[in-house]
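*Asks:* Input: one structure, supplied below.
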Amino acid sequence: MTSPVRVLITGAGSGLGRAMAMAWARRGAQIIVADIARERAEESVALCKASGAADAVFLALDVTSEPDFVAALEWVTAHWGGLDIVVNNAGVAGGGSFDGISEADWSWMLNINLLGVVRGCRVFTPLFKQQQQGQFVNIASMAGLLNPPAMANYNVAKAGVVALSETLAAELSPWNIRTLAVCPSYF
């Protein structure tokens, strides 16, 4: 008998994150619903448990906080003995004309949508190297490939996620660490 897959999903309290958590639950995975919205995340945990997850837990995780990622790493090490997949999903939307996007809006978008993914990968890479296996699933966007107008800060952040993922796919493969960029369109 094989052990259940151990998955951490950021932004799993709603939307695509919740949908991915539910899909893993139906496969009998152990799931960490990592989110800043406790009530929605706990709903996701209950749904995962009802759908067959081997385990589902909520961890408060703000992707703008490296200490939150470190706390999640410590939790999975102490409770599950490791982790198999990190899904860097949490993100925000925004945009506007280029000359109407403030520097504060640029910083907000990049801090969550790009640096949140960077933090998740940075914190869990040493564990994956030690395990000699792991997988990062980084949620980018078609906007990071197609660059539609009036979305400059979003496009740049998501293009950065694609570039990071492609870089890590090559750099981390010697440790049997896979890195994928997923580029959904609007849904």
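The values are calculated or read from the model by the stated rules, or taken from the named source; none is laboratory data. The model shown is predicted, which means the values in this text are computed figures rather than measured ones. We place every Cβ from the backbone using ideal geometry, glycine too, and count neighbours over all the protein chains shown. These accessible areas exclude ligands, DNA and RNA; they are computed on the full protein's heavy atoms, side chains included. Shrake-Rupley method; radii C 1.70, N 1.55, O 1.52, S 1.80 Å.
*Asks:* Mind checking which pairs have a first residue in the stretch 151-175 that is of a type in the set (D, E, K, R) and modelled with pLDDT of 95 or more and a second that is open to solvent by less than 60 Å² (accessible area, probe 1.4 Å) and part of a helix (DSSP H, G or I), Cβ under 6 Å, 6 or more apart or different chains?
*Replies:* Cβ pairs passing all conditions: Lys158/Ala143; Lys158/Gly144.
*Asks:* Here is a follow-up. Give the stretch 140-154 a look and list any residue that's of a type in the set (S, T, N, Q) and over 20 Å from Cys121 (Cα atoms), or say none.
*Replies:* Looking only at the stretch 140-154, we keep the residues that are of a type in the set (S, T, N, Q), and these are 141, 147, 153.
Asn147, Asn153 - these are the residues of the stretch 140-154 that are of a type in the set (S, T, N, Q) and over 20 Å from Cys121 (Cα atoms).
*Asks:* Let me ask something else. I'm trying to understand the selection: among the residues of the stretch 170-187, which are surrounded by 11 or more Cβ atoms within 10 Å (Cβ to Cβ) and farther than 21 Å from Leu146 by Cβ? Working first, answer last.
*Replies:* So the first thing to find is which residues in the stretch 170-187 are surrounded by 11 or more Cβ atoms within 10 Å (Cβ to Cβ), and the list is 171-173, 175-184.
Listed by number, the residues that qualify are Glu171, Leu172, Ser173, Trp175, Asn176, Ile177, Arg178, Thr179.
*Asks:* May I pose another question? May I ask you to list the residues in the stretch 160-179 that are small (Gly, Ala, Ser) and over 15 Å from Phe124 (Cα atoms)? Break it down into steps so the answer makes sense when it comes.
*Replies:* Residues of the stretch 160-179 that are small (Gly, Ala, Ser), as a first pass: 160, 163, 165, 169-170, 173.
Hits for the stretch 160-179 are Gly160, Ala163, Ala170.
*Asks:* Mind listing whichever residues of the stretch 56-72 are open to solvent by 40 Å² or more (accessible area, probe 1.4 Å) and touching a Phe, Trp or Tyr at 6+ places or on another chain (Cβ under 8 Å)?
*Replies:* Residues satisfying the conditions do not exist here.
*Asks:* Just one of Ala157, Ala93 is open to solvent by less than 30 Å² (accessible area, probe 1.4 Å), among the small types (Gly, Ala, Ser) and over 15 Å from Leu73 (Cα atoms); which is it? Break it down stepwise before answering.
*Replies:* Numbers: Ala93 fails: open to solvent by less than 30 Å² (accessible area, probe 1.4 Å).
Unique residue meeting the criteria: Ala157.
*Asks:* Which condition does Ala78 not pass, out of (1) in contact with a helix residue (DSSP H, G or I) (Cβ under 6 Å, 6 or more places away or on another chain); (2) assigned to a helix (DSSP H, G or I); (3) open to solvent by 40 Å² or more (accessible area, probe 1.4 Å), if it passes all the others?
*Replies:* In the conditions (1) in contact with a helix residue (DSSP H, G or I) (Cβ under 6 Å, 6 or more places away or on another chain); (2) assigned to a helix (DSSP H, G or I); (3) open to solvent by 40 Å² or more (accessible area, probe 1.4 Å), Ala78 misses (1) alone.
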